[in-house]
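Asks: I have a structure I would like to understand better, so I am pasting it below and will then ask my questions one at a time.
The numbers here are math on the coordinates, done by the rules we state, and not lab data. Since this is a predicted model, take the numbers as computed values, not measurements. Note that each Cβ is placed from the backbone with ideal geometry, even for glycine, and that neighbours are counted across all protein chains shown.
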Amino acid sequence: MARTTDPAVRTLLIERAAQMLRTREPITLRSLVAGTGVSTMAVYTHFGGMDGMWKALRQEGFARLGGRFAAVSASEDPVLDLTVLVAAYFRNALEHPDLYRVMFDANFDLEDAQAADDTLEYLVQAVDRGRTDGRFRADVVPLELATQSWAIGHGLVSLVATGPLPRRTLDYGAPMLTALFVGAGDRPDRCRASVERGWRDLVTPDE
């Protein structure tokens, strides 16, 4: 007889694991269910075991990032929008640093490998609009410029969210993105204005 799954229990366990990551508690089968009112069998029912739980956590990380990207409304300025997406990436990582770390743990597969590509696609579409609008050169490959933008975001925020550097380090992101976009064909003055406007979406006080 197949075990009956309950979406509420699945969500409860994912949230519990995320909370344990935030508080640096060791996550074991028993510690995960402690205080939740469900048995250890629920982990096998919903995830097939602890490996499945880690896959689900990675998936949750990309789901939250995708939700953050989806909330970014497209404007008439694709360079602004691309910057806002990178800023949204930063905010997501800063708000969920431990979940962010798990997202890129290659020791565990994603439940849906397409999820990572789907999040990158938001940046690809912004770059493609920038090329169509003449902000970027016609020979710019949207996937390549989107990946480069992601790489800048990932490198900086990793040094802050899970690394040793202060939050003000993120301020370097604006000039780095400006240089990248100018190199892709945007006018320096126009690019700088768009990036600076987009960067206001990210508050970076030193903590």
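Asks: In nm, give the distance between the simple-model label positions of Glu144 and Glu111, each being 7 Å from the Cα along the Cα-to-Cβ direction.
Replies: Here the answer is 3.7 nm between the modelled labels.
Asks: Still on this model: I need to check one value: relative contact order of the chain, counting alpha carbon pairs closer than 8 Å and at least 6 residues apart, in percent.
Replies: On the way: 227 pairs, mean separation 44.1, N = 207.
Normalised by residue count, the contact order of the chain is 21 percent.
Asks: Continuing with the same structure: Assuming 1.002 mPa s and 20 °C, estimate D for the range 1-48 with Stokes-Einstein, Rh taken as the Kirkwood radius over Cα pairs, in µm²/s.
Replies: The estimated diffusion coefficient comes to 195 µm²/s.
Asks: For the chain, what does the equivalent ellipsoid look like in terms of its semi-axes, each the square root of 5 times an eigenvalue of the Cα gyration tensor, given largest first in whole Å?
Replies: Details: eigenvalues 279, 68, 31 Å².
In descending order the semi-axes read 37, 18, 12 Å.
Asks: Which whole-Hz couplings ³J(HN,Hα) result when phi for each residue of the range 137-142 is put into the Karplus expression 6.51 cos²θ - 1.76 cosθ + 1.60, θ = phi - 60°, listed in order with x for Gly and Pro?
Replies: Here the 3J(HN,Hα) series is 4, 5, 8, 5, 8, x Hz.
Asks: Once the Cβ-Cβ distance between Asp189 and Ser158 is put in as r, and R0 is 35 Å, what FRET efficiency do you end up with, to the nearest 0.05? Write out the running numbers ahead of the final one.
Replies: Working: r = 31 Å, r/R0 = 0.88.
Here the calculated transfer efficiency is 0.70.
Asks: Can you list which of the trypsin sites (Lys or Arg not before Pro) found in the range 95-187 are DSSP loop residues with at most 16 other C-beta atoms within 10 Å? Let's see the in-between values first.
Replies: Details: sites: Arg101, Arg129, Arg131, Arg135, Arg137, Arg167, Arg168; in loops: Arg135, Arg137.
Passing both the DSSP loop test and the Cβ count: Arg137.
Asks: Enumerate the whole-percent occupancy of each 5 Å bin, from 0 to the last occupied one, for all C-alpha pair distances of the range 82-137.
Replies: 4, 16, 19, 21, 18, 10, 7, 4, 0
Asks: Where the centre of each part is set by its Cα atoms, how far does the range 1-76 sit from the range 113-134, in angstrom?
Replies: 28 Å
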